[in-house]
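Q: Just passing along the structure, written as structure tokens.
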């Protein structure tokens with residue numbers, strides 16, 4: 001099977017390529033960067049990199065990418081600027097018309113990453129049957145894309161998996177993320193690390209595990225629709241940071257309460273992973 005992966009040079013994309021490679025598939029990776037700027041894919045004999053601007057409207061993407069049978073769509077510009085209007089003014093329509101182009105021309109299987117922020121300001125364990133209620137431009141655009149694609153895929157008899165991501169960390173993450181800032185403070189031998197009160201409850205996964213789950217969800221065909229990509233294990237931000245320091249055998253004084261809690265997130269939420277487990281079990285059943 002030939003699989004197209006968009007956003008292949010991004011934080012998640014590079015790990016998805018690593019997880020997908022070696023499984024016996026022909027992989028087409030794409031992003032805006034020129035091929036000479038992505039030497040990391042040369043280590044994978046089963047990966048062909050095709051640079052492309054997905055905003056173009058005069059291309060048959062199905063033909064350009066050599067008729068892929070399945071698509072894992074990760075591309076999305078401008079993160080983590082969640083409040084910017086370009087998410088629905090540009091990204092929403094860019095992704096929709098790109099995927100519509102592929103589906104109209106023959107693709108029958110797509111997996112797209114969404115966000116836990118689509119649930120809105122709900123506390124507790126978030127499950128896929130809950131109504132979405134996004135309050136920011138980024139999750140509003142993602143949730144609207146999901147609704148658009150649901151109708152489009154029904155019309156064309158195309159399988160759709162909507163993979164809602166929770167919190168992730170690891171190599172290549174945004175330099176302004178919590179652990180990136182913590183790593184810099186440690187590297188600079190700072191005595192204290194400024195952070196929020198740390199009482200928020202969240203759901204974290206290393207990006208390698210997130211990529212593995214995205215691949216396994218995408219390669220099974222029984223569990224479809226919205227699927228949380230999560231640990232299913234609630235943890236306070238304070239405990240998460242302290243656990244990270246312990247694993248690295250590092251110490252630094254945590255200046256709790258220096259930053260206010262974000263006004264666009266509930267205090268306590270995590271993912272319900274029961275549907276994820278069903279998808280992973282189905283993948284394991286199909287694997288030789």
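Q: Would you check if there is a residue in the range 154-174 being closer than 16 Å to residue 112 by Cα, over 13 Å from the mean Cα position of the chain (by Cα) and exposed (fewer than 15 other Cβ atoms within 10 Å of the Cβ)?
A: Yes, because at least one residue in the range 154-174 is closer than 16 Å to residue 112 by Cα, over 13 Å from the mean Cα position of the chain (by Cα) and exposed (fewer than 15 other Cβ atoms within 10 Å of the Cβ).
Q: Please go through (1) touching a helix residue (DSSP H, G or I) at 6+ places or on another chain (Cβ under 9 Å); (2) closer than 30 Å to residue 150 by Cβ; (3) assigned to a helix (DSSP H, G or I) for residue 281 and return the number of the only condition it doesn't satisfy.
A: Every listed condition holds for residue 281 apart from (1).
Q: Taking the criterion of being over 24 Å from residue 158 (Cα atoms) and out of contact with any helix residue (DSSP H, G or I) (no Cβ under 8 Å at 6 or more places or on another chain), would at least one residue in the range 23-32 satisfy it?
A: Yes - at least one qualifying residue is present in the range 23-32.
Q: Among the residues of the range 169-184, is any in contact (Cβ under 8 Å) with a residue 12 or more places away in the chain and assigned to a strand (DSSP E or B)?
A: Within the range 169-184, one or more residues are in contact (Cβ under 8 Å) with a residue 12 or more places away in the chain and assigned to a strand (DSSP E or B).
Q: Which pairs have Cβ atoms under 9 Å, sit 6 or more apart or on different chains, and link a residue in the range 210-232 that is in contact (Cβ under 8 Å) with a residue 24 or more places away in the chain and on the phi > 0 side of the Ramachandran plot to one that is outside any helix (DSSP H, G or I) and surrounded by fewer than 19 Cβ atoms within 10 Å (Cβ to Cβ)?
A: From the range 210-232, the pairs are 225/128; 232/125; 232/272.
Q: Another question about this same structure. Which condition does residue 261 not pass, out of (1) under 22 Å from the mean Cα position of the chain (by Cα); (2) touching a residue at least 12 places away in the same chain (Cβ under 8 Å); (3) outside any strand (DSSP E or B), if it passes all the others?
A: All conditions pass for residue 261, except number (1).
Q: Could you please let me know if residue 249 is free of Cβ contacts under 8 Å to residues at least 40 places away in the same chain and over 12 Å from residue 203 (Cα atoms)?
A: yes
Q: Being over 11 Å from the mean Cα position of the chain (by Cα), under 14 Å from residue 162 (Cβ atoms) and part of a loop (DSSP other than H, G, I, E, B) is the filter here; which residues of the range 208-231 pass it?
A: Correct list: 223, 224.
Q: Okay, moving on. Hey, can you tell me all the residues within the range 23-37 that are more than 17 Å from residue 215 (Cα to Cα) and surrounded by fewer than 18 Cβ atoms within 10 Å (Cβ to Cβ)?
A: The answer is 32, 33, 34, 35, 36, 37.
Q: Within the range 166-194, which residues are within 11 Å of residue 254 (Cα to Cα) and in contact with a helix residue (DSSP H, G or I) (Cβ under 7 Å, 6 or more places away or on another chain)?
A: Within the range 166-194, 182, 193 qualify.
Q: From 143, 129, which residue is under 21 Å from residue 224 (Cβ atoms) and in contact with a strand residue (DSSP E or B) (Cβ under 8 Å, 6 or more places away or on another chain)?
A: Every option except 143 fails the conditions.
Q: Looking at 140, 74 in this structure, which one is in contact (Cβ under 8 Å) with a residue 24 or more places away in the chain, over 24 Å from residue 206 (Cα atoms) and under 17 Å from the mean Cα position of the chain (by Cα)?
A: After ruling out the rest, the residue left standing is 140.
Q: Across the range 38-68, what is the number of residues that are buried (at least 17 other Cβ atoms within 10 Å of the Cβ), touching a residue at least 40 places away in the same chain (Cβ under 8 Å) and outside any loop (DSSP other than H, G, I, E, B)?
A: Of the residues in that region, 3 qualify.
Q: Now for a different question. Consider the range 240-256. How many of its residues are touching a strand residue (DSSP E or B) at 6+ places or on another chain (Cβ under 7 Å) and in a helix (DSSP H, G or I)?
A: Total meeting the criteria: 2.
All of the numbers you see were taken from the coordinates with simple rules; none came from a lab. Here the structure is a predicted model, which is why all the values come from computation and not from measurement. Here Cβ is always computed from backbone atoms with ideal geometry, including for glycine, and neighbour counts include all displayed protein chains.
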